[in-house]
Amino acid sequence: MKESISLTWRRIPERYKMIGTRCTTCNSNFFPPRSVCSKCRRKGKIEPFEFSGNGKIYSFTEIHAAPAGFENQIPYVMAIVELDEGTRCTGQIVDATLKDLKIGDRVEGTFRKLLSDDPEGPIHYGFKFRLKK
Amino acid sequence: MAGIVGYGAYVPKYRIKSETIAEVWGEDPNRIQKGLGIMEKSVPAIDEDSATLSVESARIAMERAQIAPDELGAVYVGSESHPYAVKPTATMVSQALGATPNLTAADLEFACKAGTAAMQICMGMVDSNMIKYGLAIGADTAQGRPGDALEYSAAAGAAAYIIGKDDQSLAIIEDTFSYTTDTPDFWRRTKADYPSHGGRFTGEPAYFKHVQGAFNGLMEKMDEKIDNYDYFIFHQPNAKFPKAVAKKLGVPKEKIELGMIVPIIGNTYSGNTPLSLANVLDKAKPGEKIFVTSFGSGAGSDAFSIKVTDKIEEKRKKGYPLSHFIENKEYVTYAIYAKLRKKYKGM
Ligand SMILES: [Zn+2]
């Protein structure tokens, strides 16, 4: 899996610091960031909003057939996380296997390598989640 | 005068026992454990590197410092395992903390003492009013050649220090002194996967000479004595050297115990002395004094005299103590360890 450098670069705020967006008209938070509010449409006023990375597991699954670039990581856990600031996002749960997890478990953000295309390509970094202990 | 405004430390979850490594290479595990004094070492997950370890430790340090990210005027990351040969780890770390763009940043390398060198640079910049706060990190995911003695010790971890003015500090850095020469005790050439070392040469002319040089230099410069300090930290390439140098210098055994973490996490290279200091700061009381001496092959030592202030108790309530990461562990087999460290051909 290869990602273009310009896309990687644009996604840095979202990936490194979980910068999403917030509609100040209806106080909805969005992650990944949205540029238009799903409720207020054109009337919504959108601005950047930083998520804490804290939340709880809404649903999770273990990946055994990984996309290219992730083969060395299987099996790994992907989850839908209900963020404390009120929206859901998908992310990997690190340092854990299925038996360590249950729905509702508290998680926190962690900074990890997402992908390094090839030995001479750039390294992509970003947030993942880990169990809060 | 400059001091430590915030600090944080991080060690990955995975461990491998010395006996597991010894079994693969036909060594006697008792001989290794007695000789090096290392029971187990930390192993980074497959998606961890020196940049990610740096960010984990720095986020805790920022929480304790209670400063805005854009107040950081400098970020220096010391490591001998920077993820890129060219592209500073400090850029990824600065961005992940939200400290960009108005700051200076660079990577440092000085074997196991690049982290303490980063602290000295930040001290100078704070004292000269060039910056308000500077971030100094020592981080490594060290690699030992399979079967080499270093494989039992080369580990992963990071510690971060935010340096600022003494009146906001949880510990004041009273003074520092360094001792540096050209000594070929340990090196890694460009493009080499693993370091090489001078065997017995790593002891007397390298570790002991430089650690004693910096230690005695700072004691003399400050006109201080051992009795005035509560804790001593010496760089720990293994558990034997720091105990031996303490004995030579007349430092009581019990004063080095709290800082001795190499038996349970291994040698985290640039993270080594900074992590030991974090472990002492996690427990130290206001008014106590800590004498720190790092060592980096090549070779050099940095010594610091540190005095804990009454701000420490409030600040260290935030974020995880180092023990949180040391205790949260999972053992791996040698085969998994070899995968995590990409020791298989073609990976
Ligand atoms: Zn809205």
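The values are calculated or read from the model by the stated rules, or taken from the named source; none is laboratory data. Values in this document were obtained by computation on a predicted structure and should not be read as measured data. Here Cβ is always computed from backbone atoms with ideal geometry, including for glycine, and neighbour counts include all displayed protein chains. These accessible areas exclude ligands, DNA and RNA; they are computed on the full protein's heavy atoms, side chains included. Shrake-Rupley method; radii C 1.70, N 1.55, O 1.52, S 1.80 Å.
For (1) more than 14 Å from every other protein chain (Cβ to nearest Cβ); (2) of a type outside the set (D, E, K, R), each residue gets a yes or a no:
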site	(1), (2)
A:Phe51	no, yes
A:Thr61	yes, yes
A:Phe70	no, yes
A:Tyr76	no, yes
A:Leu83	yes, yes
A:Arg88	yes, no
A:Val94	no, yes
A:Leu98	yes, yes
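Scan the stretch B:86-105 for residues that are within 14 Å of chain A (Cβ to nearest Cβ), in contact (Cβ under 8 Å) with a residue 24 or more places away in the chain and surrounded by fewer than 19 Cβ atoms within 10 Å (Cβ to Cβ) and jot them down. Selection gives B:Gly98 alone. The listed residues are A:Gly91, A:Gly20, A:Gly69, and the only one of them that is more than 16 Å from the ligand (Cβ to nearest atom), touching an Asp or Glu at 6+ places or on another chain (Cβ under 8 Å) and small (Gly, Ala, Ser) turns out to be A:Gly69.
Say whether the condition of being crowded, with 19+ Cβ neighbours inside 10 Å and without any contact (Cβ under 8 Å) to a residue 24 or more places away in the chain is met by at least one residue in the stretch B:30-40. Yes, the stretch B:30-40 contains a residue that is crowded, with 19+ Cβ neighbours inside 10 Å and without any contact (Cβ under 8 Å) to a residue 24 or more places away in the chain. Please work out if B:Asp185 is acidic (Asp, Glu), touching a Ser or Thr at 6+ places or on another chain (Cβ under 6 Å) and buried (at least 16 other Cβ atoms within 10 Å of the Cβ). Yes: the conditions hold for B:Asp185. Residue selection: B:Glu80 fails the criterion of being open to solvent by less than 20 Å² (accessible area, probe 1.4 Å), under 30 Å from B:Gly26 (Cβ atoms) and out of contact with any Leu (no Cβ under 9 Å at 6 or more places or on another chain). The selection criterion, being over 17 Å from B:Val292 (Cβ atoms) and buried (at least 24 other Cβ atoms within 10 Å of the Cβ), holds for B:Tyr152. Within the bounds of the stretch B:159-169, is there any residue that is touching a residue at least 60 places away in the same chain (Cβ under 8 Å) and of a type in the set (Phe, Trp, Tyr)? Within the stretch B:159-169 (the criterion being touching a residue at least 60 places away in the same chain (Cβ under 8 Å) and of a type in the set (Phe, Trp, Tyr)), the answer is yes, since at least one residue qualifies.
Taking the stretch A:100-124 as the range and being more than 12 Å from chain B (Cβ to nearest Cβ) and either part of a strand (DSSP E or B) or farther than 23 Å from A:Ile5 by Cβ (or both) as the test, the residues that pass are A:Leu101, A:Lys102, A:Ile103, A:Gly104, A:Asp105, A:Arg106, A:Val107. Can you report the number of residues in the stretch A:24-37 which are within 12 Å of the ligand (Cβ to nearest atom) and open to solvent by less than 50 Å² (accessible area, probe 1.4 Å)? Counting residues in the stretch A:24-37 that are within 12 Å of the ligand (Cβ to nearest atom) and open to solvent by less than 50 Å² (accessible area, probe 1.4 Å) gives 5.
For the stretch B:232-263, residues that are of a type in the set (D, E, K, R) and part of a loop (DSSP other than H, G, I, E, B) total 1.
Among the residues making up the stretch A:88-99, those that are assigned to a strand (DSSP E or B) and free of Cβ contacts under 8 Å to residues at least 40 places away in the same chain are A:Arg88, A:Thr90, A:Gly91, A:Gln92, A:Ile93. Residues considered: B:Lys315, B:Lys345, B:Lys339. Of these, the only one that is touching a Lys or Arg at 6+ places or on another chain (Cβ under 7 Å) and farther than 17 Å from B:Ser276 by Cβ is B:Lys315. Of all the numbered requirements in (1) more than 16 Å from the ligand (Cβ to nearest atom); (2) touching a residue at least 40 places away in the same chain (Cβ under 8 Å); (3) open to solvent by 40 Å² or more (accessible area, probe 1.4 Å), A:Glu85 misses one, and that requirement is (1). Selection of strands (runs of 3 or more DSSP E) fully inside the stretch B:110-217 by the criterion of at least 2 residues being within 21 Å of B:Leu249 (Cβ to Cβ) returns B:171-180.
Within the stretch B:108-123, does at least one residue satisfy the condition of being open to solvent by 40 Å² or more (accessible area, probe 1.4 Å) and in contact with a Lys or Arg (Cβ under 9 Å, 6 or more places away or on another chain)? No, the stretch B:108-123 contains no residue that is open to solvent by 40 Å² or more (accessible area, probe 1.4 Å) and in contact with a Lys or Arg (Cβ under 9 Å, 6 or more places away or on another chain).
Considering only residues that are crowded, with 24+ Cβ neighbours inside 10 Å and assigned to a loop (DSSP other than H, G, I, E, B), look in the stretch B:272-302 and name the one that is farthest from the chain's Cα centre (by Cα). Only one residue fits best here, namely B:Ala299. Filter the stretch A:47-64 down to residues that are open to solvent by less than 50 Å² (accessible area, probe 1.4 Å) and either assigned to a strand (DSSP E or B) or within 15 Å of the ligand (Cβ to nearest atom) (or both), then give me how many there are. Looking only at that region, the number is 6. Looking for something open to solvent by 10 Å² or more (accessible area, probe 1.4 Å), away from every other protein chain (no Cβ under 11 Å) and at pLDDT 95 or above - is there at least one such residue anywhere in the stretch B:44-56? No - not one qualifying residue is present in the stretch B:44-56. Pairing residues of the stretch A:31-53 that are hydrophobic (A, V, I, L, M, F, W, C) with residues that are within 8 Å of the ligand (Cβ to nearest atom) and assigned to a loop (DSSP other than H, G, I, E, B), at Cβ distances under 7 Å and at least 6 apart in sequence or on separate chains, gives A:Val36/A:Gly44; A:Cys37/A:Thr25; A:Cys37/A:Cys26; A:Cys37/A:Gly44; A:Cys40/A:Thr25; A:Cys40/A:Cys26. Just one of the listed residues (B:Val308, B:Val245, B:Val262, B:Val251) is farther than 24 Å from B:Lys34 by Cα, away from chain A (no Cβ under 14 Å) and aliphatic (A, V, I, L, M), namely B:Val308.
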